[in-house]
Protein chains: 4
Amino acid sequence: MKTSRLEAFSDGVLAIIITIMVLELKVPHAVELSALKPLLPVLLSYVLSFIYLGIYWNNHHHLFQATEQVSGGILWANLHLLFWLSLFPFTTAWMGENGLAAMPSAVYGFVLLMAAIAYYILERAIIANEGRDSLIAQAVGRDRKGKISLVLYFAAIPLAFVSPWIAGGLYVFVALLWLMPDPRIERQLEHRNE
Amino acid sequence: MKTSRLEAFSDGVLAIIITIMVLELKVPHAVELSALKPLLPVLLSYVLSFIYLGIYWNNHHHLFQATEQVSGGILWANLHLLFWLSLFPFTTAWMGENGLAAMPSAVYGFVLLMAAIAYYILERAIIANEGRDSLIAQAVGRDRKGKISLVLYFAAIPLAFVSPWIAGGLYVFVALLWLMPDPRIERQLEHRNE
Amino acid sequence: MKTSRLEAFSDGVLAIIITIMVLELKVPHAVELSALKPLLPVLLSYVLSFIYLGIYWNNHHHLFQATEQVSGGILWANLHLLFWLSLFPFTTAWMGENGLAAMPSAVYGFVLLMAAIAYYILERAIIANEGRDSLIAQAVGRDRKGKISLVLYFAAIPLAFVSPWIAGGLYVFVALLWLMPDPRIERQLEHRNE
Amino acid sequence: MKTSRLEAFSDGVLAIIITIMVLELKVPHAVELSALKPLLPVLLSYVLSFIYLGIYWNNHHHLFQATEQVSGGILWANLHLLFWLSLFPFTTAWMGENGLAAMPSAVYGFVLLMAAIAYYILERAIIANEGRDSLIAQAVGRDRKGKISLVLYFAAIPLAFVSPWIAGGLYVFVALLWLMPDPRIERQLEHRNE
């Protein structure tokens, strides 16, 4: 199996997830600006999830750019990642509609955590398939950023019950951490092209 | 007609079906963890259907990887398959929202059965087009796994009225049976590449 | 502009339209088989529209397979066609939910008619661009089937007020007329490949 | 990163946005023609947004046809554009359902303005990456049409409170201005191919 069809399918699912979230912005019946006010937290959580899905799309692309072959295990590891990402519209809406309440914020973090674990499994499945000396293995390296994210999501879940603002702040912080494309893989690809 | 456009269209439809199902996870108004409890059966039936659609996407890909030409008959056999798969979100939600009641479980099985029959017809249409000595004919062979699935779906429909748990168990069992990519076609493809 | 991106975009829109229609099959709260009974006309109109969209996808593909270049006019003629097709989910649901009432059946026919006109305009725009001696011009020829469809849709609209069943019967008849891929273009393509 | 995957992802998101808007055309329960009357403004705003998204798809394609490389900055500039376009279904429905009230019309214009700014940023990011002597830099030139649009959107927002019809008229006028594919880039591409 070539990576192209797996990438196309993943792109399709990601494009739909990202767009479906906007359906939670329910059109108000009133025509005053104040009618948009209750939508503000929904919009903010939409922006956060939009950025997260953009990050996943970006990193997913970098990952498969350095991948040569797709095995059955990689295919299912990829579907596993898409499953957790497909829950983003639900957790985004639940958190948004309740203005950062404790439980919805914790569940939002739980799905972020599971998606990050799924991404990590996918990464390992690809490295196992390509070999430890492969381009991708060197490119990913120890994946420090990935591990820091896991720890921060894990910490955010109980902290949501102390204050949802701490959890929310951590989610924004991790997003900022990832906002740039991964220089490690890009550097490796450049080395190869030299 | 090349297989690439048919595959791209099928991928698009499958990606949308898989993602639309998640819209049935209605966002609760309460913010307690207990508010998620009634969603649990919906989530479980979503997981099951997600896996089934992943299996269909996977097998569909293997099937067309070994296909050279697309005739009008194959095109409509493929649309016929997509039609039954497009009913998955409906049957998944009906079964999920009623916590494994008899009739919704039976109807879920009926749509699984019709999709399996549609897949079988598609397989036969491709083999008829490619010839009995073709790569795909040898790869599919007697398709024992496909036939076992048909029998189990067929059995599950009346058994849902004895106990929906038996039917549900059979659906899970068939999914596990298919979870791995089909070794027959992969083996054939490897032979060819030798 | 290459035809490939236009085809990919059209495929995407068609895949979404075809799948969005299924959202009108509202999940019933009851668990008896009788709960599905009011959904039957919705399901039937869904099947009809599914077949129509399959036909459009099929013919659209044949059309662009014989097209070499995309001009600005062709691009907008294509978007115009997609616009009318995007109204299918609305008219399908309105007709289905009211069990073949006169006005919804007439409006369903009106959108079918406008889509057929849009397809005709697209065909002419391509022929104007490719030249009267081009492959596509010869393949389409006088397009008798297209003209017959236009007349039948046109007739069905007022006839819906005599009896919605006549209109419905005409829609089914035209669908059957088109169900097979267009032999004219296929024949032309074969000639070229000889 | 090649432009092809970025284009495919953008096409997917645009195709979904364009189709999701139609879900706001809520199916009426009555079967008289008069039941469609309250839907007329929704339909008209749908047509306008459909044309705008068609224009964006068209211009986006022309832009990337003349682009050689995708940097991280371009990727996020593109996601930023998609974000504002993803709000079209919301503003379209709000404006449509309230028959051109002042505030919804102004908010519709605000999102148009932000999308236009996002497009401008994307254009500049590409030019910065490709160099000031690149094909794209010469093709875009001073982008007079883009600047006129920005001014008109900016003017329309306060004018919506004088009369929503002035704002609506300006939105239609800008759409007509863009309806044709950009001759500048096409001319440049032709020059190159000579």
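See the values below:
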{"quantity": "Area of D:Ile157 that stays accessible when all protein chains are in place (1.4 Å probe, Å², to 10)", "calculated": "40"}
{"quantity": "A:Leu23-B:Arg142 FRET efficiency (beta carbon distance; Förster radius 60 Å; 0.05 resolution)", "calculated": "0.85"}
{"quantity": "Position D:Leu176, label points 7 Å along Cα→Cβ, spacing to each other copy in nm (shortest first, one decimal)", "calculated": "4.8, 4.8, 6.7"}
{"quantity": "Relative contact order, percent, chain B [alpha-carbon distance under 8 Å, six or more residues apart]", "calculated": "26"}
{"quantity": "Accessible area buried between chains D and A, both sides summed, probe 1.4 Å, in Å² to nearest 100", "calculated": "2700"}
{"quantity": "Distance from the stretch A:124-166 to the stretch B:36-78 (C-alpha centre basis), Å", "calculated": "30"}
{"quantity": "P(r) weight above 52 Å for the protein assembly as shown, C-alpha pairs, percent", "calculated": "10"}
{"quantity": "Within chain C, helix-based [θ] at 222 nm, where runs of 4 or more DSSP H residues each add -39,500 (n - 2.57), nearest 500", "calculated": "-25500 deg cm²/dmol"}
{"quantity": "Greater than 29 Å apart at Cα, pairs in B:Lys26/D:Lys26; D:Lys2/D:Lys26; C:Lys2/D:Lys145; A:Lys37/D:Lys26", "calculated": "D:Lys2/D:Lys26"}
{"quantity": "Accessible-area value, C:Ile55, 1.4 Å probe, nucleic acids and ligands omitted, Å²", "calculated": "10"}
{"quantity": "Around A:Lys2: net Lys/Arg minus Asp/Glu count, Cβ-Cβ under 12 Å", "calculated": "-2"}
{"quantity": "Label geometry 7 Å along the beta-carbon vector: D:Arg142 inter-copy distances in nm", "calculated": "5.6, 5.6, 7.9"}
{"quantity": "Loop trypsin sites (Lys or Arg not before Pro), the stretch A:1-99 (other Cβ atoms within 10 Å of the site Cβ: 15 or fewer; DSSP)", "calculated": "A:Lys2, A:Lys26"}
{"quantity": "Helix C:164-178 axis, angle to chain C major axis (alpha carbon atoms, nearest 10°)", "calculated": "30"}
{"quantity": "Charge sum, other residues only, whose C-beta stays under 12 Å from C:Leu14's C-beta, Lys/Arg counted +1 and Asp/Glu -1", "calculated": "-1"}
{"quantity": "Exam field: B:Ser34 pseudo-label spacings to other copies (7 Å along Cα-Cβ), nanometres", "calculated": "3.5, 3.5, 4.9"}
{"quantity": "Surface/4 estimate of mean projected area, convex hull on alpha-carbon atoms of the stretch D:1-124, nm²", "calculated": "7.8"}
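The values are calculated or read from the model by the stated rules, or taken from the named source; none is laboratory data. Keep in mind that this is a model prediction, so the values were computed, not measured. As a convention, Cβ positions derive from the backbone with ideal geometry for all residues, glycine included, and neighbour counts pool all protein chains shown. Quick note on the areas: whole protein, heavy atoms, side chains included, nothing else; ligands and nucleic acids left out. Shrake-Rupley method; radii C 1.70, N 1.55, O 1.52, S 1.80 Å.
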